[in-house]
Structures are given as C-alpha cells and as structure tokens.
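Since the structure comes first, as structure tokens, the remarks are kept for the end.
Every number in this text was worked out from the coordinates using simple rules, so none of it is lab data. Nothing here was measured: the structure is a model prediction, and the numbers come from that model. With ideal geometry, Cβ positions are generated from the backbone for all residues, glycine too; neighbour counts draw on all protein chains shown.
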Amino acid sequence: MKKIDLKQFSKFLVIGKLVNGKKFKLVYPDYYTADCINLYNGNIWGVRKDGTKKLLKSVIN
C-alpha cells in the first residue's frame, strides 16, 4: 500500500450513512481523529489547501 503524506491536507471529511439510512458529514482537523470514527458505510476524504479532495478510506458494509 502506498503511503500518503497527510501534511498536504488541511482538513478531513467523514461522509457516510448511519444504520437507519440517514446521511451524515463530519469535519476534522487531523486524520487520526477522523479514522477513529466507527464507520458503518462511508468514506474519509482529505481536503487539500486548494480545495481538491482525495479519497483516503472507504468502508462498505
């Protein structure tokens, strides 16, 4: 697996669905906090300073 430099991202988005089907979006300043969210179904995106997003993690259950 290729390592990604996390310093290039200014914030991290956790976007997904709850077990009951409702969508949610959370914003965190660092990857380690965003990665600790127990995802049922969703993604973790890194947002660069220029506004572009990169998919870092995807969870499908």
Single match in 7, 17 (criterion: charged (D, E, K, R) and surrounded by 13 or more Cβ atoms within 10 Å (Cβ to Cβ)) | 17
Within the stretch 38-61, residues over 21 Å from residue 7 (Cβ atoms), surrounded by 10 or more Cβ atoms within 10 Å (Cβ to Cβ) and not hydroxyl-bearing (Ser, Thr, Tyr) come out as 39, 41, 42, 59
